[in-house]
Amino acid sequence: MEQIKIFDTTLRDGEQSPGASMNTEEKIRVAKQLEILGVDIMEAGFPLASEDDFNAVSEISKIIKNSTIAALARALPKDVERAGEAIKDAKKGRIHTFIGTSNVQMEKQFNITKEKAIQLSVDAVKLAKTYTPDVEFSAMDATRTDIDFLYNILEKTIAAGATTVNIPDTVGYTLPEEFGKMIKGIKKNVPNIDQAIISVHCHNDLGLAVANSLESIKNGARQVECTINGLGERAGNAALEEIVMSLKTRRDHYGEFETNINTTKIIRTSRLVSKLTGMRVQRNKAIVGKNAFAHESGIHQDGVIKHRATYEIMNPKDVGLEESDIVLGKHSGRNAIKQKLAKLGIKADDEAVNKFFPVFKRIADEQKEVSDKEVLNYFKKHKMLDLE
Ligand code: KIV
Ligand code: ZN
């Protein structure tokens with residue numbers, strides 16, 4: 001098996017999404033949960049950005065023992081020094097330094113030449129190495145970067161000591177096939193690439209962050225950067241739970257790859273992040289949405305009750321749910337009602353179910369869901385409640 005390192009950036013890129021900020025205490029709670037989840041690396045923040053960010057990275061560094069703590073730094077001495085200071089107590093600490101490498105960012109934002117970008121990056125990596133042996137370099141906006149320049153800056157930063165080189169699709173622009181080829185090209189054309197791990201960091205502007213990350217793994221990436229619930233700038237980052245469950249569920253396709261993630265902790269982690277950031281998870285979000293393991297239509301309910309695999313490709317227990325949810329609504333059939341009654345402890349024969357059925361359909365037509373309470377009330381009212 002080949003190990004894919006999971007680099008979680010919920011506390012940095014995720015927290016950068018509008019409305020998602022957390023205080024230090026909240027970040028520590030998330031960090032502890034990420035450690036339980038089994039992330040290899042957690043990016044705890046951007047220490048130069050604010051005093052709060054510095055404190056959070058510093059506190060998390062003191063507490064977390066199993067995961068590596070990464071601190072983000074622009075390729076500038078003051079950033080790297082601050083990041084180095086913040087992770088000084090970490091059992092395993094990493095400095096993650098970055099610079100924009102696309103023409104548009106170098107010319108229009110940072111006002112630097114290609115030579116200057118290389119020099120700043122090499123100097124930043126060398127300085128970072130004085131704090132920790134574990135240094136990551138990111139070529140921001142790599143997917144819109146001149147490819148020969150990208151090969152060149154990766155080669156120079158690896159020679160300077162970078163142990164991981166990250167290829168961000170910063171603006172979520174790339175397509176799976178294209179990105180796969182890019183990673184393959186990096187493996188082939190960067191002469192010292194075997195001295196570093198290739199990482200990817202995909203944003204979801206076109207809804208392709210997970211697909212791009214998975215394609216990159218097939219082509220040589222061995223670290224993926226992602227967030228819980230796909231939180232992150234704009235449309236978010238690649239969702240950790242989707243990448244991990246894709247690798248696990250489609251082992252037939254991704255056979256040789258595995259992660260250290262304890263998938264049974266996914267739901268708990270998702271809910272904690274949602275609660276602390278105030279960012280609600282859409283109901284139909286893959287893996288962690290309320291509907292991801294819920295069935296409402298009669299035909300699906302009937303199938304799942306008879307045999308789970310008829311309409312479920314994952315076992316809900318694998319992500320930390322007790323079981324899938326049979327939701328009673330206007331599409332539900334008698335079989336689902338019978339199962340629900342049994343679950344609620346109501347003994348009802350076929351006649352009782354037949355009597356209830358039209359009433360149930362009327363309620364379901366009027367509202368979206370029929371709650372357990374409404375079912376119980378009906379059977380109480382009709383003195384048919386015979387609790388087992
Ligand atoms: O999206 C991006 O390019 C980033 C970098 C700082 C890695 O978040
Ligand atoms: Zn990002």
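The numbers here are math on the coordinates, done by the rules we state, and not lab data. Predicted model only: the values in this text are computed from it and were never measured. We place every Cβ from the backbone using ideal geometry, glycine too, and count neighbours over all the protein chains shown.
Result for the chain in a Gaussian network model with C-alpha springs under 10 Å: among 351, 81, 369, the largest mean-square fluctuation is at 351. By the Cα gyration tensor, the range 285-388 has an equivalent ellipsoid whose semi-axes, rounded to whole angstrom, run 25, 14, 13 from largest to smallest. Annotation: the range 173-235 has a Kirkwood hydrodynamic radius of 12.1 angstrom, from the mean reciprocal C-alpha pair distance.
Whole-Hz Karplus values for the range 45-58 come out as x, 10, x, 6, 4, 6, 4, 4, 4, 4, 4, 4, 4, 5 Hz, taken residue by residue from phi with 6.51 cos²θ - 1.76 cosθ + 1.60 and θ = phi - 60°; glycine and proline positions read x. Charge tally for residue 236 (other residues, Cβ to Cβ under 10 Å; Lys, Arg +1; Asp, Glu -1): -2. Based on Cα atoms of the range 61-188, Rg over Rh with Rh as the Kirkwood radius reads 0.99.
Three principal axis extents describe the C-alpha atoms of the range 105-174; from largest down they are 33, 23, 19 Å. The range 56-126 and the range 300-368 have Cα centres lying 52 Å from one another. Scaled against the 2.2 N^0.38 Å expected of a compact globular protein of N residues, the Cα radius of gyration of the range 202-302 reads 1.13. Most simply put, the range 124-243 has about 5% antiparallel DSSP beta bridges, counting only bridges with both residues inside it.
Here's the list of lysines a cross-link from residue 62 could span, going by alpha-carbon distance under 27 Å and ignoring same-chain residues fewer than 8 apart: 5, 27, 32, 78, 88, 91, 92, 126, 129, 265, 275. Residue 350 sits among other residues whose Cβ lies under 11 Å from its own Cβ, and their net charge, with Lys and Arg +1 and Asp and Glu -1, is +1. Among 378, 360, 262, pick out the residue whose Cα is farthest towards the positive end of the charge dipole of the chain, where Lys and Arg carry +1 and Asp and Glu carry -1 on C-beta, about the Cα centre. Going by the Cα projections, it comes out as 378.
Of 120, 214, 344, which is the most mobile in a GNM of the chain whose springs link Cα atoms less than 10 angstrom apart? Maximum among the listed residues: 344. Shape verdict for the chain, please, from the Cα gyration tensor: rounded (a/c under 1.5), prolate (a/b greater than b/c) or oblate. Cα axes put the chain in the prolate bin. Residues whose amide H falls under 5 Å from that of residue 140, counting only those 5 or more places apart or on a different chain, are 99, 100, 101, with hydrogens built in the peptide plane.
Here the 3J(HN,Hα) profile of the range 79-84, calculated from phi with Karplus coefficients 6.51, -1.76 and 1.60 at θ = phi - 60°, is 5, 5, 4, 5, 5, x Hz, Gly and Pro shown as x. Protection proxy ranking for 48-60, 217-229, 86-98, 244-256, using the average of other Cβ atoms within 10 Å per residue and placing the highest first: 217-229, 86-98, 48-60, 244-256. The residue among 75, 90, 54 whose Cα reaches farthest toward the positive pole of the charge dipole of the range 48-108, with charges on the beta-carbon of Lys, Arg, Asp and Glu, is 90.
Taking amide H positions as modeled 1.01 Å from N, with prolines and chain starts lacking one, the residues under 5 Å from residue 43 and 5 or more places away or on another chain are 8, 9, 10, 11, 70. Put in line by how crowded their Cβ is, counting other Cβ atoms within 10 Å and starting with the fewest, 379, 179, 357 read 357, 379, 179.
Across the range 2-277, the mean sequence separation of Cα contacts (distance under 8 Å, 6 or more residues apart), normalised by length, yields a relative contact order of 21 percent. Annotation: amide H of residue 197 within the under-5 Å range of 164, 165, sequence separation 5 or more or interchain, hydrogens built in the peptide plane.
Converting phi to 3J(HN,Hα) with the Karplus coefficients 6.51, -1.76 and 1.60 and the offset θ = phi - 60°, the range 151-164 yields 4, 5, 5, 5, 4, 5, 6, 5, 4, 7, x, 5, 9, 9 Hz in sequence order, with x at every glycine or proline. Hey, in the GNM for the chain with a 10 angstrom Cα cutoff, which one of 73, 44, 292 fluctuates hardest? Between 73, 44, 292, it is 292 that shows the largest mean-square fluctuation.
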